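Worksheet: the structure to be examined is printed underneath.
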Amino acid sequence: AGSGAAVEKEHVFRFVVPREQTQAADALLRRAGVREGFRGIPVFRAAGMTVDRGNGGGKITTPLFFHLEDCHAAWRALVAAAGEDAAARGIPREPMIEVEELTAVVARLEEAQPGDEGAKGVGLFAARKNVEALRAMLVEDSK
């Protein structure tokens, strides 16, 4: 039983997903045979792409991207860094892109136990164009 008084929220936090990213998620799901449209906040990952954050120390992170284009750009950088050895190391020229809903990723991480496959770290990467816009604002503000 509540007092009936309204609780006023001081802050509201919301992700605004560009329509292009939701459309990209829909297209990936359709290719996978899923009929339903994507709902929520899509995050994209290239299957098999990980980053060793511990400089060889084994802190493996799976990068997740809010923009599909950034995921593709990271894959191209991986292929370029591997150079001629890419094929020999089993790195295909084109990535297999997967899409998940952000809150499902967070829930999986919260529920995972240490040592579980689902407990591996993820890194969320802001959209490159948003980072560039922020940098431009900071430069302008510093003048």
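Points worth noting:
- Ser142 satisfies every condition listed in (1) among the hydroxyl-bearing types (Ser, Thr, Tyr); (2) in contact with a strand residue (DSSP E or B) (Cβ under 8 Å, 6 or more places away or on another chain); (3) at pLDDT below 85 except (2).
- Close pairs from segment 11-39: first under 18 Å from Ala104 (Cβ atoms), partner modelled with pLDDT under 95 and open to solvent by 100 Å² or more (accessible area, probe 1.4 Å), Cβ under 8 Å, at least 6 apart: Leu29/Glu36
- Looking across segment 35-62, the residues that are modelled with pLDDT of 90 or more, aliphatic (A, V, I, L, M) and over 16 Å from Ile91 (Cα atoms) come down to Ile41, Val43.
- Of everything in segment 55-94 that is hydrophobic (A, V, I, L, M, F, W, C) and in a loop (DSSP other than H, G, I, E, B), the residue that is farthest from Val43 (Cα to Cα) is Ala88.
- Any chance Pro114 is of a type outside the set (Lys, Arg), modelled with pLDDT of 90 or more and not in a helix (DSSP H, G or I): no
- In segment 35-44, residue farthest from the chain's Cα centre (by Cα) [restricted to those that are closer than 16 Å to Gln21 by Cα and open to solvent by 40 Å² or more (accessible area, probe 1.4 Å)]: Glu36
- Selected residue (only one of Glu69, Glu101 is under 22 Å from Pro18 (Cα atoms), in contact with a Gly (Cβ under 6 Å, 6 or more places away or on another chain) and surrounded by 14 or more Cβ atoms within 10 Å (Cβ to Cβ)): Glu101
- Candidates in segment 72-86 are the residues that are of a type in the set (A, V, I, L, M) and touching a residue at least 12 places away in the same chain (Cβ under 8 Å); of these, the one that is surrounded by the most Cβ atoms within 10 Å (Cβ to Cβ) is Ala74.
The values are calculated or read from the model by the stated rules, or taken from the named source; none is laboratory data. Everything numeric here is computed off the predicted structure, so don't read it as measured data. Cβ atoms come from the backbone with ideal geometry, glycine included; neighbour counts cover every protein chain shown. Side chains are part of the model used for accessible areas, which takes the heavy atoms of the whole protein and leaves out ligands, DNA and RNA. Shrake-Rupley method; radii C 1.70, N 1.55, O 1.52, S 1.80 Å.
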